[in-house]
Amino acid sequence: MNTVVQYMAGVDEAGRGPLAGPVYAAAVILDPARPIRGLRDSKQLTAERREVLAVRICERAIAWQVAWADVEEIDCLNILGATMLAMRRAVAGLAVRPAVVQVDGNCVPQIADCCDRAEAIVGGDATVSAISAASILAKQARDALMPLLEQAYPGYQLAAHKGYATPDHLAALARLRPSPQHRRSFEPVRLALNQSET
């Protein structure tokens with residue numbers, strides 16, 4: 001008698017709030033036979049600990065995938081729509097089809113063709129290990145991109161604040177105008193554009 005394995009994937013995002021850069025998402029199917037200690041919401045971990053855990057997740061997970069939606073998609077769809085798109089891409093990219101997908105938050109992307117069932121779990125990044133793992137991979141990937149964006153668009157200190165609306169970032173926006181990696185649909189970026197055109 002054959003036993004059908006029912007895989008569960010956790011999904012989370014990173015980078016919904018920043019003014020610049022893509023929004024990332026990850027999907028992870030953990031292996032119960034290869035547990036990973038210390039998984040939790042990526043925001044509760046140091047950068048060093050996230051890096052260690054990200055390597056372990058990639059080594060031990062049954063399947064994992066990181067995806068993103070770029071700035072143009074964010075401005076076209078709005079940040080929620082772009083986040084759902086990135087999540088769909090992450091789930092669709094898994095090498096193994098999950099039976100169940102659990103998503104951090106209160107919204108589920110359109111993934112009915114990628115799994116049997118999907119559910120949203122508010123606070124799931126702190127309570128569901130697979131979602132915590134996805135949170136870690138998404139944040140690790142996005143944070144790794146920011147120094148590259150800083151090299152391409154110097155002056156904004158993107159590597160330091162990761163694109164968030166810090167005072168230094170807002171001052172740089174006013175001084176330099178928004179770069180191609182800034183989200184024009186976000187009000188501080190729009191204001192900076194308007195000010196530079198007057």
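The values are calculated or read from the model by the stated rules, or taken from the named source; none is laboratory data. On a predicted model such as this, the values are computed, not experimentally measured, just so you know. Don't worry about glycine lacking a Cβ; one is built from the backbone with ideal geometry, like all the others, and counts go over all protein chains shown.
Taking the stated definitions as given, is R40 among the basic types (K, R) and touching a helix residue (DSSP H, G or I) at 6+ places or on another chain (Cβ under 7 Å)? Yes; evaluated as a whole, the condition is true for this residue. Looking across region 36-58 at every residue that is assigned to a loop (DSSP other than H, G, I, E, B) and out of contact with any Lys or Arg (no Cβ under 8 Å at 6 or more places or on another chain), the one that is nearest to A82 (Cα to Cα) is identified as D41. Scanning region 43-97 for residues that are of a type in the set (S, T, Y) and without any contact (Cβ under 8 Å) to a residue 60 or more places away in the chain returns a single hit, T46.
Filtered by the rule that a residue be under 27 Å from A47 (Cα atoms), without any contact (Cβ under 8 Å) to a residue 24 or more places away in the chain and part of a loop (DSSP other than H, G, I, E, B), region 106-128 gives N106, V122, G123.
Just one residue in the set G38, G17 is more than 27 Å from H182 (Cβ to Cβ), of a type outside the set (V, I, T) and either at pLDDT below 95 or surrounded by fewer than 19 Cβ atoms within 10 Å (Cβ to Cβ) (or both); that residue is G38. A Cβ distance below 7 Å, combined with a sequence gap of six or more or placement on separate chains, defines the contacts here; from region 4-21, residues that are without any contact (Cβ under 8 Å) to a residue 12 or more places away in the chain reach no residue that is of a type in the set (F, W, Y) and crowded, with 23+ Cβ neighbours inside 10 Å.
Selection of region 129-183 for residues being touching a Leu at 6+ places or on another chain (Cβ under 7 Å), part of a helix (DSSP H, G or I) and touching a residue at least 40 places away in the same chain (Cβ under 8 Å) yields S129, A130, S132, A133, I136, M146, L149, L158, H169.
For E59, state whether it is of a type outside the set (A, V, I, L, M), surrounded by fewer than 20 Cβ atoms within 10 Å (Cβ to Cβ) and under 26 Å from S179 (Cβ atoms). For E59, the condition - of a type outside the set (A, V, I, L, M), surrounded by fewer than 20 Cβ atoms within 10 Å (Cβ to Cβ) and under 26 Å from S179 (Cβ atoms) - is not met. Among the residues of region 134-182, those that are crowded, with 19+ Cβ neighbours inside 10 Å and hydrophobic (A, V, I, L, M, F, W, C) comprise A134, I136, L137, A138, A141, L145, M146, L149, L158, A172, L173. Identify, by number, the condition in (1) assigned to a loop (DSSP other than H, G, I, E, B); (2) among the basic types (K, R); (3) in contact with a Cys (Cβ under 9 Å, 6 or more places away or on another chain) that R88 doesn't meet. Every listed condition holds for R88 apart from (1). Of all the listed residues (E13, E73), the sole one being in a helix (DSSP H, G or I) and acidic (D, E) is E73.
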